[in-house]
1. At a probe radius of 1.4 Å, what is the per-residue accessible area of Thr200, in Å² to the nearest 10?
2. I'd like the FRET efficiency for Val485 and Ala214, computed as 1/(1 + (r/R0)^6) with the beta carbon distance as r and R0 of 60 Å, rounded to 0.05.
3. With the Cα gyration tensor of the chain giving a ≥ b ≥ c as the square roots of its eigenvalues, does the rule (a/c under 1.5 for rounded; else a/b larger than b/c for prolate; else oblate) give rounded, prolate or oblate?
4. Per residue, how much accessible area does the chain show when a 1.4 Å probe rolls over the protein heavy atoms, in square angstrom?
5. Quick check on the chain: helices-only [θ] at 222 nm, where DSSP H runs of length 4 and up contribute -39,500 (n - 2.57) each and the sum goes over total residues. Nearest 500, please.
6. State the answer as a single residue: which of Pro119, Met174, Ser82 lies farthest towards the positive end of the charge dipole of the chain, with beta carbon charges of +1 for Lys and Arg and -1 for Asp and Glu, about the Cα centre.
7. Which percent of the accessible area of the chain is formed by carbon and sulfur heavy atoms (probe 1.4 angstrom)?
8. Would you please classify the overall shape of the range 156-289 from the alpha carbon gyration tensor, given that a ≥ b ≥ c denote the square roots of the eigenvalues, rounded means a/c under 1.5, and beyond that prolate means a/b larger than b/c while oblate covers the rest?
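The values are calculated or read from the model by the stated rules, or taken from the named source; none is laboratory data. Keep in mind the model is a prediction, meaning the values are calculated, not measured. Glycine also receives a Cβ, built like all others from the backbone with ideal geometry; neighbour counts cover every protein chain displayed. For accessibility, only protein heavy atoms count, side chains too; no ligands or nucleic acids. Shrake-Rupley method; radii C 1.70, N 1.55, O 1.52, S 1.80 Å.
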Amino acid sequence: METPRRQRAYCLAIVIVATILCHRAAAQPALVGEMEAAQLLKIKRAWGNPPALGAWSAAASAAVAHCCWPYVGCDSARLVTSLALVGINLTGPVPDAVGGLSSLAHLDVSDNYIDGTFPTVLYRCRSLLYLNLSHNYIGGELPDDIGHGLGPNLSTLDLGVNEFNGTIPVSVSMLQNLRYLVLDSNRLTGAIPAELGELTNLETLWLANNPFHAGELPASFKNLTNLTKLWAANCSLTGDFPSYLVKMPELEQLYLNNNSLTGTIPPGIWGLKKLQRFLVHMNNLTGDLVVDGFAAMSLQVIYLSDNNLAGRIPEVFGRLENLTHLSLFQNNFTGEIPVSIGHLPSLNILLLDINRLNGTLPSELGKHSSTLSVVMVDENDLIGPIPEGMCARGQLWFFSASRNHFNGSIPASLAKCDTLVDLNLGSNQLSGKVPKALWTLGQIEWVILDNNRLTGSLPVRMPSSLVRLYIGNNQFVGRIPMVAVALLHFIAENNTFSGEIPANLAYGMPLLQRLNLANNKLSGKIG
């Protein structure tokens, strides 16, 4: 039987042990905080104590202080879970100390000056979900074991715009939870691995702008049915347009431009209801645009230029209320431009030049879109007048329609377009006086009106922004300008200019490089 003294001693021991345990429990978070703060300070020192990390200070490394430092995120246990060090002028390799942040789930060091090779120290960060090393100067080959080394839960791997070379490691296919894989704009070579088709959770895949070996997009990509964005521009792709892409119902953005794809555009591509951006320019695609079953009413950007496509422009393009960019130039399209194109409410850029289009420019062009800024229809067989409303919404800055058969006069409304920078109406059948308002535009840089039947005169002082003026082979009269301070090219041969050439022409046009005033009625000498 225990004595009272022994009972008291026993109870006292229990109290002492409980007190020690409570003290340790209270001290544990503080210890964790100090360790995490120390790790961050190591990272700061390894990067040369950059000014952006000036607030990371040992004097402020209390138990929770590091969680309040700029660019740092913590969990409830005060463990660092996020470093978002974007665009803060970091230089040098990724420090080894980063691997000491055992709970790090989000690391973004994009848009810096980081170099070295791929930081395998990150293999120690087994909680990593998001890794963005893009827009840096990291080079060398990607490690063969990258798919084994990075945590199995990684959902984002962005290595774009660096200097990685060699091939894409097959082990990347081990990262089965990847939803976002970005490898664009590096120096990657070899074939695009078919094993990437095993990443069936992928939603975004960017491979563009790498010097891969010429070859087809892997057939295994047909398994990537969750893709919303596929960017494979400038990847040395060959073969026919991949037909399996029409079976990717989630596809929103498809970039296959600047390759060597052949064959026709599958009609099913226009059946993708969620498609917003479709860019296949600069390939060798042929055939007509077959749009049966058109359902891609969300399209915002269509770039089909610089191919060998033919036939008519689909009328349905004029019903795409979200369409901002329509680029069909340098093909073999024929027939008339759909009238409905002129009614597009969101149109910003229209490029139809170098085709075989006939008829007129839609008379409503410019009246319904508050953003219309660029129109190019050069080198077609278009006739009729220039639409009056081209600059009706006050945004037009580039209008080029040379080498057609346009007739009539230059609309006064176009000549008064304050936003206009470049105007090219050369080699048409335009006539009448050029509105004087054209020569008062404050931003105009290029005016090309040569090879028409235009009349009128030029002011003594030309716009201070004007760089190139081509008005040869017309019927201009009067004296030539005395002052054009920015003019580089002044080509005005075969007109009816008269009077003396200004004696101080070189002073009034100090930047002039090319001058042609042949076959006029001028007198005097060029000083």
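1. Thr200 exposes around 60 Å² with every protein chain in place.
2. 0.75
3. Working: a/c = 3.09, a/b = 2.05, b/c = 1.51.
The shape class here is prolate.
4. 44
5. Numbers: 4 runs with 55 residues, N = 527.
After summing the helix terms and dividing by residue count, I get -3500 deg cm²/dmol.
6. Farthest towards the positive pole: Ser82.
7. Numbers: 12060 of 22960 Å².
Of the solvent-accessible surface of the chain, carbon and sulfur hold 53 percent.
8. oblate
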